[in-house]
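Once you've had a glance at the structure underneath, I'll fire off some questions.
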Ligand SMILES: Nc1ncnc2c1ncn2[C@@H]1O[C@H](COP(=O)(O)OP(=O)(O)OP(=O)(O)O)[C@@H](O)[C@H]1O
Ligand SMILES: [Mg+2]
């Protein structure tokens, strides 16, 4: 008889092996120099651009608000590159091989795009802590360390959302061009990046709660302003973790559905162009 | 090592049908209709058919990435639909072309990744990957990125990947497409060597010569139906039976009488003037081609050659003789 269960630890080994693929991708795309000059430079320029809009409005507070929002959203934006990295499995013809293997799909995709997490955290770290002071962004040593930890959380929690989006796009490839852009735009608008949540009607504020970014960004602003009490901060962090766990669950579910629905409909191609 | 249930067939396909489309007014395409196929353990079985015949569709169903619309498919006694997990541990898939590899990883990196998906732990994985790299002649380049590999090396890596889970049944979908003849020949030698390990191999191809070279039996498939399952030697006989004779350099005045004389011979199917002074004679019986050649020589036409019929042509005749309708 053939055993149908894989040995213990297989899931973890798959995530790890898949993450090696992620690092290889990063190494093939950037050298440390091109990452710093090209990628980091581009993101920082974008953050500064937003802050300058704030300064045109003639308010240092606005400028600071926009600067922090743009810096933190950069982490989220980079993390959303999980969508394009994941869809590559279709173009490279590896999706049918993954489906036909005895493992499940979600551990593969969980590890596949992790390169964007440290990359996203690093760009925002440089923007917030190295260049931020020029735009009035100030952290104490302890709030700075705490904010760095929250940036890591921004990446990890948004990754769950990105994975769910990737699973959807892998299933409906016609969404691929605008799914990420739409998400990005929505986050920019309603998650407290460019305008405070209170600017929006209550139902939209409610919708913003499903994005982990809303909660994590809120905490970073509190840390920077030195105004947050620990209960508010912990509640927000808890909400970020909970919503992101929800997204990770949705992602795993959609990825497994991708395989079953694909088998039924015939949408898992051996060779796709 | 004996996996699977005590059954004779490594692959058992009964009454298999697969349709596509049919949603929102799309037309229904029937890629496979009522396919039956039994492949005993240890056989190299060829699946031969023209474009769109349904070869890839059958491979996909056997490899659990596509469900049947109707019918049953078993691998070593396990049903692809209800016992998918067991089937996935028994099969390996290899398809031709550039796809299916992570080009930014090394050969070793690729194999280690797939080893993890097949449940191999660190040391097992290292051992197996090392063995496969050596066996497929990739050990010298094991630690270079796959994007620098030649077509033949990529295909050998593909095969190594297909073998990582130690499959009992290996499914190869046009594995030699795009390879140069030498690399393709090497690849075929590798495939035949796998048989000695008791693996069952299903290989699809357009190429009759490839099928003849490596297969124990060959199934001809067209328009989603199995036409015949035969030994390659039988195919070889068909090829001679349906040989074509080409006669060139006829004078304009010779064309009509020579055509008439040839048409009168037993076993001559058609005679066409394909270019000025050139006749193409299709035969459809054993021994007809030599008779055609003799007659041509007797008539003083010496520019004569026989050619292999193309595959589609043979299908057409075989199917024609069996009274089946073919749309071409
Ligand atoms: N996902 C799909 N959706 C719609 N039609 C499909 C799909 N897959 C295959 N078909 C159709 O089913 C038929 C059989 O296709 P299949 O790819 O199995 O042929 P094949 O024998 O592998 O051909 P080739 O030699 O070109 O690879 C074709 O008419 C094809 O257009
Ligand atoms: Mg095909």
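Give the residues of the range B:119-155 that are surrounded by 20 or more Cβ atoms within 10 Å (Cβ to Cβ) and closer than 26 Å to residue A:5 by Cβ, sorted by residue number.
B:119, B:120, B:125, B:128, B:129, B:132
Further, regarding this structure: Quick check: is even one residue across the range B:188-201 within 16 Å of ligand 2 (Cβ to nearest atom), surrounded by 18 or more Cβ atoms within 10 Å (Cβ to Cβ), in contact (Cβ under 8 Å) with a residue 24 or more places away in the chain and under 13 Å from the mean Cα position of the chain (by Cα)?
Kept after step one, since they are within 16 Å of ligand 2 (Cβ to nearest atom), are these residues of the range B:188-201: none.
The answer is no, given that none of the residues of the range B:188-201 is within 16 Å of ligand 2 (Cβ to nearest atom), surrounded by 18 or more Cβ atoms within 10 Å (Cβ to Cβ), in contact (Cβ under 8 Å) with a residue 24 or more places away in the chain and under 13 Å from the mean Cα position of the chain (by Cα).
Please find, within the range B:63-80, the residue that is nearest to residue A:268 (Cα to Cα) out of those that are in a loop (DSSP other than H, G, I, E, B) and more than 9 Å from every other protein chain (Cβ to nearest Cβ). Walk me through how you get there before you give the answer.
Start the filter on the range B:63-80 by keeping residues that are in a loop (DSSP other than H, G, I, E, B), which leaves B:63-69, B:76-77, B:80.
Next, from what is left, pick out any that are more than 9 Å from every other protein chain (Cβ to nearest Cβ): B:68-69, B:77, B:80.
Numbers: B:68: 14, B:69: 16, B:77: 25, B:80: 16 Å.
Among residues in the range B:63-80 that are in a loop (DSSP other than H, G, I, E, B) and more than 9 Å from every other protein chain (Cβ to nearest Cβ), the one nearest to residue A:268 (Cα to Cα) is B:68.
Against the definition (within 11 Å of ligand 1 (Cβ to nearest atom) and either within 14 Å of chain A (Cβ to nearest Cβ) or crowded, with 17+ Cβ neighbours inside 10 Å (or both)), how does residue B:59 come out, yes or no? I'd like the intermediate steps shown before the answer.
Numbers: within 11 Å of ligand 1 (Cβ to nearest atom): yes; either within 14 Å of chain A (Cβ to nearest Cβ) or crowded, with 17+ Cβ neighbours inside 10 Å (or both): yes.
When the stated conditions are applied, residue B:59 passes them.
Considering the range A:87-97 alone, what residues qualify as being on the phi < 0 side of the Ramachandran plot and within 7 Å of chain B (Cβ to nearest Cβ)? I'd like the intermediate steps shown before the answer.
Kept after step one, since they are on the phi < 0 side of the Ramachandran plot, are these residues of the range A:87-97: A:87-92, A:94-97.
Within the range A:87-97, A:92, A:94, A:96, A:97 qualify.
I would also like to ask the following. Report the residue count in the range B:4-49 for those that are within 11 Å of ligand 1 (Cβ to nearest atom), assigned to a loop (DSSP other than H, G, I, E, B) and closer than 17 Å to residue B:230 by Cβ.
Looking only at that region, the number is 1.
Can you name every residue in the range B:193-207 that is more than 16 Å from ligand 1 (Cβ to nearest atom) and part of a loop (DSSP other than H, G, I, E, B)? Walk me through how you get there before you give the answer.
Quick first cut of the range B:193-207, residues more than 16 Å from ligand 1 (Cβ to nearest atom) only: B:193-201.
The answer is B:196, B:197, B:198, B:199.
Right, something else. Could you list, in sequence order, the residues of the range A:222-249 that are loosely packed, with under 14 Cβ neighbours inside 10 Å and touching a residue at least 60 places away in the same chain (Cβ under 8 Å)?
A:226, A:245
Would you tally the residues in the range A:250-266 being surrounded by 17 or more Cβ atoms within 10 Å (Cβ to Cβ) and away from every other protein chain (no Cβ under 11 Å)? Outline the logic, then answer.
Residues of the range A:250-266 that are surrounded by 17 or more Cβ atoms within 10 Å (Cβ to Cβ), as a first pass: A:250-252, A:254-255, A:258-259, A:262-263, A:266.
Now narrow it down to the ones that are away from every other protein chain (no Cβ under 11 Å): A:250-252, A:254-255, A:258.
Residues meeting the conditions: 6.
Evaluate the following for residue B:52: is it within 11 Å of chain A (Cβ to nearest Cβ), within 22 Å of the chain's Cα centre (by Cα) and at pLDDT below 95? Break it down into steps so the answer makes sense when it comes.
On the way: within 11 Å of chain A (Cβ to nearest Cβ): no; within 22 Å of the chain's Cα centre (by Cα): yes; at pLDDT below 95: yes.
So residue B:52 fails the test.
For the range B:202-224, name all the residues that are more than 16 Å from ligand 2 (Cβ to nearest atom) and either farther than 30 Å from residue B:19 by Cβ or surrounded by fewer than 22 Cβ atoms within 10 Å (Cβ to Cβ) (or both).
B:209, B:212, B:213, B:214, B:216, B:217
Determine whether the range B:169-187 contains at least one residue that is farther than 14 Å from residue B:49 by Cα, within 14 Å of chain A (Cβ to nearest Cβ) and either away from ligand 1 (no atom under 16 Å from the Cβ) or assigned to a helix (DSSP H, G or I) (or both).
For the range B:169-187, residues farther than 14 Å from residue B:49 by Cα, within 14 Å of chain A (Cβ to nearest Cβ) and either away from ligand 1 (no atom under 16 Å from the Cβ) or assigned to a helix (DSSP H, G or I) (or both): present.
Check B:32, B:58 and return the single one that is modelled with pLDDT of 90 or more, within 14 Å of ligand 2 (Cβ to nearest atom), within 30 Å of residue B:197 (Cβ to Cβ) and in contact with a helix residue (DSSP H, G or I) (Cβ under 6 Å, 6 or more places away or on another chain).
On the way: B:58 fails: in contact with a helix residue (DSSP H, G or I) (Cβ under 6 Å, 6 or more places away or on another chain).
The unique qualifying residue is B:32.
Quick one: residue B:137 ticks every box in (1) away from ligand 2 (no atom under 16 Å from the Cβ); (2) closer than 23 Å to residue B:40 by Cα; (3) in a loop (DSSP other than H, G, I, E, B); (4) touching a helix residue (DSSP H, G or I) at 6+ places or on another chain (Cβ under 9 Å) except a single one, so which number is it?
(2)
Residue B:23 is checked against (1) more than 16 Å from ligand 2 (Cβ to nearest atom); (2) out of contact with any strand residue (DSSP E or B) (no Cβ under 8 Å at 6 or more places or on another chain); (3) closer than 15 Å to residue B:73 by Cα and fails just one. What number does that condition carry?
(3)
Here's something else I'd like to know. How many of the residues in the range A:76-93 are surrounded by fewer than 23 Cβ atoms within 10 Å (Cβ to Cβ) and either at pLDDT 95 or above or in a loop (DSSP other than H, G, I, E, B) (or both)?
3
Now for a different question. Determine whether the range B:90-97 contains at least one residue that is within 8 Å of chain A (Cβ to nearest Cβ), under 22 Å from the mean Cα position of the chain (by Cα), assigned to a helix (DSSP H, G or I) and more than 10 Å from ligand 1 (Cβ to nearest atom). Spell out how you get there, then give the answer.
Step one: filter the range B:90-97 for residues within 8 Å of chain A (Cβ to nearest Cβ), giving B:90-91, B:93, B:95, B:97.
Checking which are under 22 Å from the mean Cα position of the chain (by Cα) leaves us with B:90-91, B:93, B:95, B:97.
In the following step, the residues that additionally are assigned to a helix (DSSP H, G or I) were identified as B:90.
Going one step further and asking which of them are more than 10 Å from ligand 1 (Cβ to nearest atom), we end up with B:90.
Within the range B:90-97, one or more residues are within 8 Å of chain A (Cβ to nearest Cβ), under 22 Å from the mean Cα position of the chain (by Cα), assigned to a helix (DSSP H, G or I) and more than 10 Å from ligand 1 (Cβ to nearest atom).
Got at least one residue in the range B:102-114 being at pLDDT below 95, in a helix (DSSP H, G or I) and more than 14 Å from ligand 1 (Cβ to nearest atom)?
Scanning the range B:102-114, I find no residue that is at pLDDT below 95, in a helix (DSSP H, G or I) and more than 14 Å from ligand 1 (Cβ to nearest atom), so the answer is no.
Where residues in the range B:229-266 are out of contact with any helix residue (DSSP H, G or I) (no Cβ under 7 Å at 6 or more places or on another chain) and in a strand (DSSP E or B), which of them is nearest to ligand 2 (Cβ to nearest atom)?
B:229
The values are calculated or read from the model by the stated rules, or taken from the named source; none is laboratory data. Keep in mind the model is a prediction, meaning the values are calculated, not measured. A quick note on method: Cβ atoms are made from the backbone with ideal geometry, for glycine too, and the neighbour counts reach across all protein chains shown.
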